[in-house]
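Peer 1: The structure that follows is given in the form of structure tokens.
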């Protein structure tokens, strides 16, 4: 029994034991078991970007079983994917690794300045597939944001009642934001706060830059001299924004890039107190051996940061 | 047993004992217990304005427990917040202070001339968190107003059936109103009336100015010589507009400002018969000791006005 | 037992005894009991026009109890109001006078050329408040008309199943109609027909003028020489349009005006066979004694017209 | 027992005995009992065109009982009307003639290039009124067509489960069609096909003209030399389009016109194999004796065409 | 017991035995029984293109029984059609051939650049008609795509729970795509992936061309040298995109064309590993004897490709 895991669980004080069991399952799984840190494998890019753009580079990835195997071999805390991908392996891998059913998704054959994903699965689907959690994406900054918040509200209430943890991808995007603003520190911290207020157990945001998007926020960052010049500082600020550290916040890995670049970013996140990373393309688009090596390095950084 | 509390409860004659219990709980709590007056701590600014703009000035406020502690220490009648903030402390503070779950919220990453909040929680959430009431914001003057009224209708019916009190934030706003009109006396009185007709138990409006927004109203204010030159007169008029005084009407504190300005405004409200104040940024953005001092002064004014 | 009441009830042949009981209750109540005639007090102007415009002229009217007392003292057949106003007096006056819960309302802080009210109460609310009927407004001529008809369809089905009578305010209004057309005789007769076809038990329209709005209708009025030059003729025509007289049709009193003007209009309506009037501002904006006198005069006219 | 009736019933092979009972009831009723032919009286014009335009010419028609009596006296197979008209006579005439509750309607106080009726009644209404069938209008060619199809889908499923027959008025109309196209033979045949595919038991279309609206269709009509020059040929083609004759297809009478014109049209329809007519204004806008005579002539034509 | 059928069924590991029974029923039916290959007859063109364009060329096809007979005589694995067509024959042919109820359809009397079909049937309809599966069309690339995905999500969940297989027609179409892009290889592969991720058991796409629509995809196709010059290569790529071959993918036949052209295309599809074809107009628009001959040739090609 890990003291850190107990501490983290103590923050989720309104949740019933069913939810705590699933949060604990994720924290007791894989190479980072017991540390309260997370490395999660997400594979929704086939839906989001298309199959060739996602899997052609490392073509075993077309097969849904590949990703279960990769997550298991790498000692990930959990594997997250849309309905079809989980249906295609859920029985074979039942109970071997916590699953997160991604309940909404967008494809790239149509794009809109104010995006909103389609709901593509249900809490009942997550239960019949033996999942530990559901995943849901919101796009603060889109004119459709309220629709997403309200879908999440309903799904999260149902998920919690069924004992499933709620993982929220909070990705600012939409006509109200500049491109830079999508990852600016003020917006990233705000995105984490919104997800936390909506009742997320685990919050996923993108690594923030030092930009400030909103004038009203800039005044405060300057007046209060909030330090945001290093990634560690910004990470720390985002986690503070998620209830002063009382919520698990993890960071996405972004587009595929070189190993050094990945590890440098992880270093900054870990130094700032990140609870971990969710790493898709940088994992499954590498040959398996390389991916395992990279994920091990990432886990080592997080473990050492403990 | 306070006669004033009994009198106030007698106005809610269509409500069943479950609702009366929760109204009584709020009036029997804190420094103003038994007076029929209210000072409520609301903390939804993390969602509405963002975390840094809300909590950086007094950074312990990032932690949701801080606000429970502040409301308790200050002897507030109740603490109001969105889902995430209440979930993060509801078990630890269960039963120690009445909670109001704010069921809809707007963020500032997208803004619209005709705003409408997202519904972010449910009556069931309020019940599982042990709340005394639900809170709901309407924006009369927005082209989306009817959507909000209809959401409120449904939620209020469900809340009353479950024994929860219904607190309505009635904030005129939208393309149909000028900026001045948002707080003009005719519009403020109308906003109170709408909330009352929609079945609110407790109505929260902003302190009104002496402006008149609508020509059709101006004729009546002039013809009937309705006195609106002092804040006390305007407060009295708004309360009259809420069923001739048969509904609890409280006033918001607005943006953070100096202590003298706050207390002067409270003085006017109290002189006009206000049932109390709901005071957020002026409380949690001050250092705790200062906040407690200020809230005590506010409570003293209301108590003395009795 | 009144033969006229029995005759009227016989027209509602598809309704079950629960509905007939409530129709009978209204016809057995007040100064016109047994005559099959109606004088109803409606007070939704606080919501529709705002509190000062409605109640400042006779300020006891801010208090919801005032209107129950007025309706009782005047011997009205029923009192109609929105949720909040009825909630504030329903227990005290339970069973002393039939209540009509107005289930949709519009406020004047936002206005649209194609209006649609918000649904502000439910059949369950009407039942828990001990009402005899529900009231619902439709605006034929608005591009939102179908939404209102469909809301009414659903509510009326539920109301009838629960034994509540259905009173429909049919007020032509919207971009498809000229201002004159809103009360023209062809449109008024059409509005009565629509309400009747939608299943209303009691239909409320405005006193029609001799104007004709629609060309297709004008041809018929001219070809068939339908007499519409006097108010009595027009009233008779509107009642004919409501199933050849097989539905109760009552007329609204409109804006506040002098006693002579009111009584002259009532005279015309009564001569044309009107089943009665629904009189708000002309009643509650007068001092109580004057209002009682006026309402007595109105009732006398309707009784004598029997 | 009529062989023709048995044959027709055999086509509805997926329906349960409850539906077959009601189809049989209509075919065993009136002057055409046992022939498999239909003359139905529809009276929804009060809602659709207004009361004066519908009933002033023959003013007994304002009274809903008139139409029950007319349909009975004329030996019609069924009487179809909206909710209010059926409610007003359903008990008196219960079981004496099959009733079709028209579940959606449009009024003429607002008109749109892409029309969609309001749903104005329910399957439960049809059951409590003792109806044999429900009626529903679709407007193929309107941009709102899918909404109507989806409403019909839901209502038809519910109706069939409750044993009610489903009668679909398929009237092409909308911005996608020219005025001529609304009754062109290609569009009329397509409208019949759509209603049949949506699961209608009885399909009502307008008598088609020899025009062709769509170029893609014109090619086929020319290539396959489909004969459409006479009304009989066109009628036969429309019936073929309704599952090769496996669905009952009846034709509307259109605007009021002279007796000779009516009977000539009926002659063409009957020669083409029409299952009958639905005749409103040409029936109820004539003095009753004339209407009975005309309807008898129509029935004679259909009977002789057997 | 066929090993190939067992292998295919093993891929659907999250489905319960009820679904597997119906997938097996289709694979154990007709001329290709036991091969894991499919030739399905779909007849929704009466709704989609109109009756004359669909059936005039071979007029027995107006009769719904014709298509049941054709599918049976040809040894098809299943017959797919909208509600009306299946209702008209489901009892006579109950259990003789697996039926697929097409649950959404578009007509051609109104067309839109961003199409969305109407839902025209339900899972309950499929059950009462004894179907093996439901069919549903999605149009990736339409701005209405998310609506379709969400309708499918709900219907698929209900279908799977009831033991029905889910067949998805994934047809890219809409303002976001060029005409060429509708069948380009990148888009076709993406369409297959989307259907698979949405939980389809059987995916139907159009035979793809060698075009590339999206620039982001082009980079990958070029960088990874994905071979797409022959139809066999493209077919193989599309099947790879459907979970690396773990989902049944079949191809549509498209517009009517000559026998040689049909068989050449089938040859390419079969060489690329297609699980079969769904062939409508090329079957039912030929005289029956010719259609049977063609379908036999198609089946022979697929059988030999095993």
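Peer 1: Restricting attention to the range B:159-170, which residues are part of a loop (DSSP other than H, G, I, E, B) and crowded, with 21+ Cβ neighbours inside 10 Å? Lay out the reasoning, then the answer.
Peer 2: To start, the set of residues in the range B:159-170 that are part of a loop (DSSP other than H, G, I, E, B) comprises B:162-164.
Within the range B:159-170, just B:164 meets the criteria.
Peer 1: Further question on the same structure: Considering only residues that are touching a helix residue (DSSP H, G or I) at 6+ places or on another chain (Cβ under 8 Å) and touching a residue at least 40 places away in the same chain (Cβ under 8 Å), look in the range A:161-173 and name the one that is farthest from residue B:124 (Cα to Cα). Let's see the steps before the verdict.
Peer 2: So the first thing to find is which residues in the range A:161-173 are touching a helix residue (DSSP H, G or I) at 6+ places or on another chain (Cβ under 8 Å), and the list is A:162-166, A:168, A:170-173.
Retained after the next criterion (residues that are touching a residue at least 40 places away in the same chain (Cβ under 8 Å)): A:162-165, A:173.
Working: A:162: 14, A:163: 16, A:164: 17, A:165: 18, A:173: 31 Å.
Ranking the candidates gives A:173 first.
Peer 1: Further question: Read through the list (1) more than 7 Å from every other protein chain (Cβ to nearest Cβ); (2) closer than 17 Å to residue D:44 by Cβ; (3) outside any helix (DSSP H, G or I), then give the number of the only condition that residue D:114 fails.
Peer 2: All conditions are met except number (2).
Peer 1: Would you confirm, using the coordinates I've provided, whether residue A:274 is more than 14 Å from chain B (Cβ to nearest Cβ), in a loop (DSSP other than H, G, I, E, B) and within 17 Å of the chain's Cα centre (by Cα)? Break it down stepwise before answering.
Peer 2: Numbers: more than 14 Å from chain B (Cβ to nearest Cβ): yes; in a loop (DSSP other than H, G, I, E, B): yes; within 17 Å of the chain's Cα centre (by Cα): yes.
Yes; evaluated as a whole, the condition is true for this residue.
Peer 1: If the Cβ limit is 8 Å and pairs must be 6+ apart or interchain, which residue in the range D:140-160 that is at positive phi pairs with which residue that is part of a helix (DSSP H, G or I) and surrounded by fewer than 24 Cβ atoms within 10 Å (Cβ to Cβ)?
Peer 2: D:141/D:181; D:141/D:182
Peer 1: Starting from residues that are in contact with a helix residue (DSSP H, G or I) (Cβ under 6 Å, 6 or more places away or on another chain) and either surrounded by fewer than 21 Cβ atoms within 10 Å (Cβ to Cβ) or within 26 Å of residue C:106 (Cβ to Cβ) (or both), keep the ones in the range B:124-138 and report whichever is nearest to the other protein chains (Cβ to nearest Cβ).
Peer 2: This residue is B:129.
Peer 1: Go through the range D:8-35 and report how many residues are in contact with a helix residue (DSSP H, G or I) (Cβ under 9 Å, 6 or more places away or on another chain), more than 14 Å from every other protein chain (Cβ to nearest Cβ) and assigned to a loop (DSSP other than H, G, I, E, B).
Peer 2: Quick first cut of the range D:8-35, residues in contact with a helix residue (DSSP H, G or I) (Cβ under 9 Å, 6 or more places away or on another chain) only: D:8-9, D:11-16, D:18-20, D:23-24, D:27-28, D:30-35.
Then drop every residue that is not more than 14 Å from every other protein chain (Cβ to nearest Cβ), which leaves D:24, D:27-28, D:30-35.
Filter once more, keeping what is assigned to a loop (DSSP other than H, G, I, E, B): D:28, D:30-35.
Residues in the range D:8-35 being in contact with a helix residue (DSSP H, G or I) (Cβ under 9 Å, 6 or more places away or on another chain), more than 14 Å from every other protein chain (Cβ to nearest Cβ) and assigned to a loop (DSSP other than H, G, I, E, B): 7 in total.
Peer 1: Which condition from (1) more than 14 Å from chain C (Cβ to nearest Cβ); (2) surrounded by fewer than 20 Cβ atoms within 10 Å (Cβ to Cβ); (3) in contact (Cβ under 8 Å) with a residue 12 or more places away in the chain is the one that residue D:3 breaks?
Peer 2: Failed condition: (3).
Peer 1: Go through the range B:225-239 and count every residue that is surrounded by fewer than 24 Cβ atoms within 10 Å (Cβ to Cβ) and under 13 Å from residue B:191 (Cα atoms).
Peer 2: 0
Peer 1: Does residue D:204 qualify as being under 16 Å from the mean Cα position of the chain (by Cα), closer than 23 Å to residue D:75 by Cα and more than 14 Å from chain E (Cβ to nearest Cβ)? Working first, answer last.
Peer 2: Working: under 16 Å from the mean Cα position of the chain (by Cα): yes; closer than 23 Å to residue D:75 by Cα: yes; more than 14 Å from chain E (Cβ to nearest Cβ): yes.
Taking the combined requirement at face value, the residue satisfies it.
Peer 1: Right, another one. Which members of the range D:231-254 meet the condition of being more than 10 Å from chain E (Cβ to nearest Cβ) and either outside any helix (DSSP H, G or I) or modelled with pLDDT under 95 (or both)? Talk me through it step by step, then tell me what you get.
Peer 2: Going residue by residue through the range D:231-254, those that are more than 10 Å from chain E (Cβ to nearest Cβ) are D:231-236, D:248-254.
If the condition is that a residue be more than 10 Å from chain E (Cβ to nearest Cβ) and either outside any helix (DSSP H, G or I) or modelled with pLDDT under 95 (or both), then D:248, D:249, D:250, D:251, D:252, D:253, D:254 are the ones that fit.
Peer 1: Can you find a residue that is surrounded by fewer than 19 Cβ atoms within 10 Å (Cβ to Cβ), over 27 Å from residue A:148 (Cβ atoms) and out of contact with any strand residue (DSSP E or B) (no Cβ under 6 Å at 6 or more places or on another chain) anywhere in the range B:36-52?
Peer 2: No, there is no match, as no residue in the range B:36-52 is surrounded by fewer than 19 Cβ atoms within 10 Å (Cβ to Cβ), over 27 Å from residue A:148 (Cβ atoms) and out of contact with any strand residue (DSSP E or B) (no Cβ under 6 Å at 6 or more places or on another chain).
Peer 1: Now, a different point. Of everything in the range A:174-192 that's touching a helix residue (DSSP H, G or I) at 6+ places or on another chain (Cβ under 8 Å) and surrounded by fewer than 24 Cβ atoms within 10 Å (Cβ to Cβ), which residue is farthest from the other protein chains (Cβ to nearest Cβ)? Walk me through it before giving the result.
Peer 2: To start, the set of residues in the range A:174-192 that are touching a helix residue (DSSP H, G or I) at 6+ places or on another chain (Cβ under 8 Å) comprises A:174, A:177, A:181, A:185-190, A:192.
Now restrict to residues that are surrounded by fewer than 24 Cβ atoms within 10 Å (Cβ to Cβ): A:174, A:177, A:181.
Numbers: A:174: 6, A:177: 7, A:181: 9 Å.
By that ranking, first place goes to A:181.
Peer 1: Within the range B:278-291, restricting attention to residues that are touching a residue at least 60 places away in the same chain (Cβ under 8 Å) and within 13 Å of residue B:60 (Cβ to Cβ), which residue is surrounded by the fewest Cβ atoms within 10 Å (Cβ to Cβ)?
Peer 2: Filtering the range B:278-291 for residues touching a residue at least 60 places away in the same chain (Cβ under 8 Å) gives B:278-281, B:283-288, B:291.
Remaining after also requiring within 13 Å of residue B:60 (Cβ to Cβ): B:283-288, B:291.
Details: B:283: 31, B:284: 24, B:285: 19, B:286: 19, B:287: 11, B:288: 17, B:291: 21.
My answer is B:287.
Peer 1: Within the range C:149-158, is there a residue that is surrounded by fewer than 24 Cβ atoms within 10 Å (Cβ to Cβ), within 13 Å of chain D (Cβ to nearest Cβ), in contact with a strand residue (DSSP E or B) (Cβ under 8 Å, 6 or more places away or on another chain) and not in a helix (DSSP H, G or I)?
Peer 2: First pass over the range C:149-158, keeping only residues surrounded by fewer than 24 Cβ atoms within 10 Å (Cβ to Cβ): C:150-151, C:153-155, C:157-158.
If we keep only those that are within 13 Å of chain D (Cβ to nearest Cβ) too, we end up with C:150-151, C:153-155, C:157-158.
Checking which are in contact with a strand residue (DSSP E or B) (Cβ under 8 Å, 6 or more places away or on another chain) leaves us with C:150-151, C:153, C:155.
Narrowing the set further to residues that are not in a helix (DSSP H, G or I) leaves none.
No: zero hits.
Peer 1: Against the condition assigned to a loop (DSSP other than H, G, I, E, B), touching a residue at least 24 places away in the same chain (Cβ under 8 Å) and closer than 19 Å to residue A:291 by Cα, how does residue A:40 come out, does it pass?
Peer 2: Details: assigned to a loop (DSSP other than H, G, I, E, B): no; touching a residue at least 24 places away in the same chain (Cβ under 8 Å): yes; closer than 19 Å to residue A:291 by Cα: yes.
It is false that residue A:40 is assigned to a loop (DSSP other than H, G, I, E, B), touching a residue at least 24 places away in the same chain (Cβ under 8 Å) and closer than 19 Å to residue A:291 by Cα.
Peer 1: Let me ask something else about it. Whether any residue in the range E:209-217 is crowded, with 19+ Cβ neighbours inside 10 Å, on the phi < 0 side of the Ramachandran plot, at pLDDT below 95 and in contact with a strand residue (DSSP E or B) (Cβ under 7 Å, 6 or more places away or on another chain) is what I want to check. Explain how you work it out, then say what you get.
Peer 2: Initially, the range E:209-217 is screened for residues crowded, with 19+ Cβ neighbours inside 10 Å, giving E:212-214, E:217.
Retained after the next criterion (residues that are on the phi < 0 side of the Ramachandran plot): E:212-214, E:217.
If we keep only those that are at pLDDT below 95 too, we end up with none.
No, the range E:209-217 contains no residue that is crowded, with 19+ Cβ neighbours inside 10 Å, on the phi < 0 side of the Ramachandran plot, at pLDDT below 95 and in contact with a strand residue (DSSP E or B) (Cβ under 7 Å, 6 or more places away or on another chain).
Peer 1: Answer yes or no: is there a residue in the range B:193-206 that is out of contact with any strand residue (DSSP E or B) (no Cβ under 7 Å at 6 or more places or on another chain), crowded, with 24+ Cβ neighbours inside 10 Å and within 19 Å of residue B:277 (Cα to Cα).
Peer 2: yes
Peer 1: Sticking with this structure for a sec: Tell me which of these residue D:228 doesn't satisfy, since it passes every other one: (1) under 18 Å from the mean Cα position of the chain (by Cα); (2) within 12 Å of another protein chain (Cβ to nearest Cβ); (3) not in a strand (DSSP E or B).
Peer 2: (1)
Peer 1: Looking at C:52, C:90, which one is within 8 Å of chain B (Cβ to nearest Cβ), part of a loop (DSSP other than H, G, I, E, B) and touching a helix residue (DSSP H, G or I) at 6+ places or on another chain (Cβ under 9 Å)?
Peer 2: C:90
Peer 1: Another question, if that's okay. For the range D:55-78: of the residues being part of a loop (DSSP other than H, G, I, E, B) and surrounded by fewer than 23 Cβ atoms within 10 Å (Cβ to Cβ), which is nearest to the other protein chains (Cβ to nearest Cβ)?
Peer 2: Just the residues of the range D:55-78 that are part of a loop (DSSP other than H, G, I, E, B), to begin with: D:63, D:74-77.
Going one step further and asking which of them are surrounded by fewer than 23 Cβ atoms within 10 Å (Cβ to Cβ), we end up with D:63, D:75.
On the way: D:63: 3, D:75: 24 Å.
Across the range D:55-78, the extreme among qualifying residues is D:63.
Peer 1: Can you tell me how many residues in the range D:204-235 are within 20 Å of residue D:168 (Cβ to Cβ) and free of Cβ contacts under 8 Å to residues at least 40 places away in the same chain?
Peer 2: Our first condition is that a residue be within 20 Å of residue D:168 (Cβ to Cβ); within the range D:204-235, this holds for D:204-208, D:234-235.
From what's left, free of Cβ contacts under 8 Å to residues at least 40 places away in the same chain: D:208, D:235.
Going through the range D:204-235 one residue at a time, the tally reaches 2.
Peer 1: Follow-up question, since we're still on this one. State which residue is surrounded by the fewest Cβ atoms within 10 Å (Cβ to Cβ) when the search covers only the range C:94-111 and only residues that are away from chain B (no Cβ under 11 Å) and touching a residue at least 40 places away in the same chain (Cβ under 8 Å).
Peer 2: C:97
The values are calculated or read from the model by the stated rules, or taken from the named source; none is laboratory data. Worth saying up front: this structure is predicted, and the values here are computed from it rather than measured. Here Cβ is always computed from backbone atoms with ideal geometry, including for glycine, and neighbour counts include all displayed protein chains.
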